[in-house]
Each structure stands twice: as C-alpha cells, then as structure tokens.
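See structure below.
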Amino acid sequence: MKDRKRHVLRVAQRLFIEQGFPATSIQHILDEANISKGTFYNYFKSKDDCLKAILQKSYEEAVMLRSELLTEQNKKDPSIFAEQVALRLVINREDNLLPLYEAVFYSGNRELMSFLEAHFKEELLWIAERLIDIHGEEIRPYAPDLSIMFTGMIQQYLNFSRPHNYEVIDARALVSYLVKIIDYLVAPIIQDQFAFVGSSIFQRFDIPTSDVTVTSEELIEELRQFQRECLDLSKMQLEYFSFLIEELQRTPLRPTLLNTILREFRASFMNTRWESEAKVLSTMIWKYIAQEK
C-alpha cells in the first residue's frame, strides 16, 4: 500500500470517528487529505469502499498477529487461544473502530452489512476450529454451537461495559474468563450429544473470497522503498530488511522462519514514526505467506 493511500485512510478514519460516517463527505476527505477527487477514486470506488478498506486493514492485522502468536506454540494451550481472541478486541479499541462498526450496523447499507457479516462468519469458523484444536475432534459436531455461545457472551459483556453503563472491561481478563466457561460446557455437551445448530450451519455459510493477490516482486519493491524512506536504521533492522528480501525470493518459502523474523521486524519499529508503515508492510507479507501455502 503506497504512502499516499495510507495517508488518505488515516485521514478518512479520523473524520469518520470525529464527524460520524454519515456526516463525512468525500469532499471533507479530499480537503483534509489535500488530494484531488481523481486521486481518491484511483484508490477507492466510493466512501463505502474507503470504510471497508479501513476495517479490512484492521481485520487483516488481527489475523496476522493471531497467526504469529501461534508460531512455535502449543495450539492446544487455551491461554494462547484467549490471547488470540483478545487481540482483535484490543485492536478495535486502540484504533477506535467501535463507532465505525456501529455506524455500519445502523446504516442499513446492505453492501457494508454483508462485508461485516463475512468477517463475523470467518470469526465463527476460526473460533470453532481453534476450540477443536484445544478439545479434540470429538467436539467437532458441537464446535459451531460453542463458537456462537462464546462470541455471544463476549458481545453481551462488551455491551454491558459501555461507558454509560459500567466501567470498561479488560478484554484479556474477559476472554480468559469466558474461555474457562466454555471449558466447563464441553464435557456435558459431549455427554448429551446435543447440538442446537450443529456443523451444518457452517456448510451454508457463503463467505466471499478475495481475488486480490500480491506478488513477491511487489513486496520486495515495497521493502526496498520503505528501507530508503527510513532514517537511522539500526544494524539489526538492516539485517531484517536483507533477510526478508532474500527469503521472499526463495522457492519454496519457509513460513515459520519468515513469521518469526517478521515479528521481530515489526517490533523493531515500535514507538517510532515508522510503526504504522512497518505494521502495514508486515501484514502484506503475512498475506503473501498465507496465499502461497
């Protein structure tokens, strides 16, 4: 993603949050970002498309960080699962995305609603598979029900903790607590052999797949451009750039090693002016790794 497009997304996100999505016009974004209408439409088909790009960027970041958390870890460890789930809640809060999600829900916009619905379905599928990782194949017929219960409990606690109702809940503490509640439910559900919706519900999910792909050549050029823009790089950061460029030229890729170095690469830019760019680039590389598996 080019610098100017990232700039437009940051400006649009701030305006959507400050003014509200319905009250923010494309002209507001053009004025604040100091770009022409042609430049905006070169990046986005519409204001809705711009909002989708903001939410998609956050979603992909959460997916990447979740994948990294599981690298070289025991996938049966419930504490790792709890941290993975909490990650997305933390990102949504830190990026102040909740008002944007609410704007979509109350907008009645079918395209935006379908977009978020696809994310919700993917989340249910992912949680169900992670519960199977932890509790074994015997819960597969009941995993969809447990996934729906789990996400439903999280949502209701978050609703209850809204500022006008109660103090803000610690996301990690909440998820850890609810993971234990789900753990208590597993044995009786297996014993009763009863599922309310069952696995057939997932077979009816129609989740659109993205046709947007990225090439290793594009990523290498992005890395080189980013390296040229960064000032005062440390010796270790220079080594990260060299390693990533070299690894992206390999066939086949070494996903585990790449993910490990990618995590260190991103961490090296924490609390610097380049943190956001490093995060976006890391997400792009992670998508490429997942795409090539």
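FYI, it's all coordinate maths here, none of it is from the lab. Remember, predicted model here, so these are calculated numbers, not experimental data. A quick note on method: Cβ atoms are made from the backbone with ideal geometry, for glycine too, and the neighbour counts reach across all protein chains shown.
Straight distance only, please: which lysines reach the Cα of Lys121 with their own Cα at less than 27 Å, same-chain residues fewer than 8 apart left out?
Lys45, Lys47, Lys52, Lys57, Lys75, Lys76, Lys180, Lys279, Lys287, Lys293
Cβ under 14 Å from Leu112's Cβ, Leu112 left aside: what net charge do those residues give with Lys, Arg +1 and Asp, Glu -1? Walk me through the numbers on the way to the answer.
On the way: positive: Lys45, Lys47, Lys52, Arg110; negative: Asp48, Asp49, Glu102, Glu111, Glu117.
Around Leu112, the charge tally is -1.
Could you work out how much longer the chain between Ala187 and Asp48 gets when fully extended? Use 0.36 nm per residue separation minus the Cα distance between them, nm to one decimal.
Going from the current span to full extension adds 45.6 nm.
Give me Phe269, Phe241 ranked fewest to most by other Cβ atoms within 10 Å of their Cβ, as a rough exposure proxy. Walk me through the numbers before you get to the answer.
Values: Phe269 21, Phe241 16.
With the fewest neighbours first, Phe269, Phe241 line up as Phe241, Phe269.
Going by how many other Cβ atoms sit within 10 Å of their own, how do Lys180, Lys47 line up, fewest first? Spell out each step's value before the answer.
Working: Lys180 11, Lys47 18.
By the 10 Å Cβ count, ascending, the order reads Lys180, Lys47.
Once each part is reduced to its C-alpha centroid, what is the distance from the range 224-291 to the range 44-120 in angstrom?
22 Å
Please identify the DSSP H helices in the chain that span no less than 15 Å along the helix axis (Cα) and have a mean Kyte-Doolittle hydropathy of -0.5 or more. Don't jump to the answer; show the numbers that get you there.
Working: long enough: 3-19 (24 Å, -0.82); 47-70 (35 Å, -0.18); 78-94 (24 Å, 0.35); 110-135 (37 Å, 0.06); 143-160 (26 Å, 0.50); 171-192 (32 Å, 1.07); 216-229 (20 Å, -1.39); 235-248 (20 Å, 0.24); 255-267 (18 Å, 0.12); 275-292 (26 Å, -0.21).
Correct list, ordered by number: 47-70, 78-94, 110-135, 143-160, 171-192, 235-248, 255-267, 275-292.
What ranking do Val90, Val8, Val197 get, fewest neighbouring Cβ atoms within 10 angstrom at the top?
Values: Val90 16, Val8 24, Val197 13.
Listing Val90, Val8, Val197 from fewest to most nearby Cβ atoms yields Val197, Val90, Val8.
Can you tell me the mean projection area, over all orientations, of the convex hull of the range 74-182's alpha carbons? Units nm², please. Before the final figure, lay out the partial values.
Values: hull surface 29.5 nm².
Mean shadow area of the hull around the Cα atoms is 7.4 nm².
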